[in-house]
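Asker: Please find one structure pasted underneath; my questions will follow.
The values are calculated or read from the model by the stated rules, or taken from the named source; none is laboratory data. All of these numbers come straight from a predicted model, not from anything done at the bench. Neighbour counts run over all protein chains shown; Cβ positions are idealised from the backbone, glycine included. Just so you know, the surface numbers come from the protein's heavy atoms only, side chains and all, with ligands and any DNA or RNA stripped out. Shrake-Rupley method; radii C 1.70, N 1.55, O 1.52, S 1.80 Å.
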Amino acid sequence: MEIKIYPDPILLENCNDVVNIDEDLVSTAKEMIDTMKSVEGIGLAAPQVGILQRFFVCIDFSDENREESLVLINPQITKKEGRIESKEGCLSIPGFYEYVYRYENIEIKALDLDGKEVVYNPQGLQSVVFQHEYDHLDGILFPDRMSQIKKDIFMKKIKRELK
Ligand SMILES: [Zn+2]
């Protein structure tokens, strides 16, 4: 799969709910996991591979070998509290890393590949990755989580290098 790079306009689109969790979706999700791992990413959202549907894949950080992955379909953040700073990058904005603000604790509900509802109360990096990937489904990229001044400087820098 080809990862869409900023300023590809598809990255700024809103995604639609997944209607059917079928074989196609299962194989697409597996392909996304392989793509994510092949570039040593920790998360990948559907719009990053050109699919405007509300799901993402990411590493399962509860597995200490970081070999397991999670698929969250039609996720909803049902609780958010606290604030932390996290240094982030994005496979769609390669080579750039910056601190952004995230919620410290969230609760997120989603469907898995069996169509079963799963509730997560992620901590630390897992929470940050969920929030980062969730944002992609609303066309929000991590610089959007910076202060305006910081974002302006950052966007100038990435626009100069990613054309
Ligand atoms: Zn990203």
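Asker: With only Lys, Arg, Asp and Glu charged, each at its Cβ (+1 for the first two, -1 for the last two), find how big the charge dipole of the chain is about the Cα centre; round to the nearest 20 debye.
Answerer: Using Cβ point charges on Lys, Arg, Asp and Glu, the chain gives about 980 debye.
Asker: Got a sec to turn the phi values of segment 21-31 into Karplus ³J(HN,Hα) couplings, 6.51 cos²θ - 1.76 cosθ + 1.60 with θ = phi - 60°, whole Hz, x for Gly and Pro?
Answerer: In residue order, the calculated couplings are 8, 10, 4, 4, 5, 4, 6, 5, 4, 5, 5 Hz.
Asker: Round to the nearest 0.05 the FRET efficiency obtained for Leu113 and Leu162 when R0 = 30 Å and r is the Cβ-Cβ distance. Before the final figure, lay out each step's value.
Answerer: Numbers: r = 33 Å, r/R0 = 1.09.
The value I calculate is 0.40.
Asker: Something else now. What list of ³J(HN,Hα) values in whole Hz, one per residue of segment 61-76 in order, does the Karplus curve 6.51 cos²θ - 1.76 cosθ + 1.60 (θ = phi - 60°) give from phi, with Gly and Pro shown as x?
Answerer: Running phi through 6.51 cos²θ - 1.76 cosθ + 1.60 with θ = phi - 60° gives 6, 6, 8, 5, 7, 6, 9, 7, 9, 10, 10, 10, 10, 6, x, 9 Hz.
Asker: Taking the dipole about the Cα centre of segment 81-163, with the C-beta of Lys and Arg at +1 and of Asp and Glu at -1, give me whichever of His136, Tyr120, Met146 is farthest to the positive side.
Answerer: My answer, from the dipole projection, is Met146.
Asker: Kindly provide the helix-only [θ] at 222 nm of the chain, computed as the sum of -39,500 (n - 2.57) over DSSP H runs of four or more divided by all residues, to the nearest 500 deg cm²/dmol?
Answerer: Value at 222 nm, helices only, nearest 500: -9000 deg cm²/dmol.
Asker: Within the chain, what whole-number % of the accessible surface is contributed by carbon and sulfur, with the 1.4 Å probe and all protein chains included in the calculation?
Answerer: C and S atoms contribute 44 percent here.
Asker: Would you calculate the separation in nanometres between label points at Asp138 and Asp34, each defined as 7 Å from the Cα along the Cα-to-beta-carbon direction?
Answerer: Result: 3.3 nm between the two label points.
Asker: Computed from the mean reciprocal separation of all distinct C-alpha pairs, what Kirkwood hydrodynamic radius does the chain have, in Å?
Answerer: Final number for the Kirkwood radius of the chain is 16.0 Å.
Asker: While we're looking at this one, here's another question. By a straight-distance test (C-alpha under 30 Å), which lysines pair with Lys159 as possible cross-link partners, with residues fewer than eight away in the same chain excluded?
Answerer: Once the sequence-local lysines are set aside, what remains near Lys159 is Lys4, Lys37, Lys87, Lys150, Lys151.
Asker: Please work out how much length the chain gains when fully extended from Glu67 to Val26, using 0.36 nm per residue of separation minus the C-alpha to C-alpha distance, in nm with one decimal.
Answerer: Additional length available on full extension: 13.0 nm.
Asker: Once amide H atoms are placed 1.01 Å from N in the peptide plane, what residues at a sequence separation of 5 or more from Cys90, or on another chain, have their amide H within under 5 Å of its amide H?
Answerer: Gly95, Phe96
Asker: Enter the accessible area per residue of the chain (Å², integer; probe 1.4 Å; all protein chains in place).
Answerer: I get 55 Å² per residue for the chain.
Asker: Quick query: amide H of Glu104 versus all other amide H atoms, modeled in the peptide plane; which residues come in under 5 Å with a sequence gap of 5 or more or a different chain?
Answerer: Sorted by chain and number, the residues that satisfy this are Glu81, Gly82, Arg83, Ile84.
Asker: Continuing with the same structure: For a paramagnetic label modelled at 7 Å from the Cα of Lys79 toward its Cβ, which residues of segment 99-117 fall within the zone defined by backbone nitrogen distances under 11 Å?
Answerer: Residues passing the 11 Å test: 105-108.
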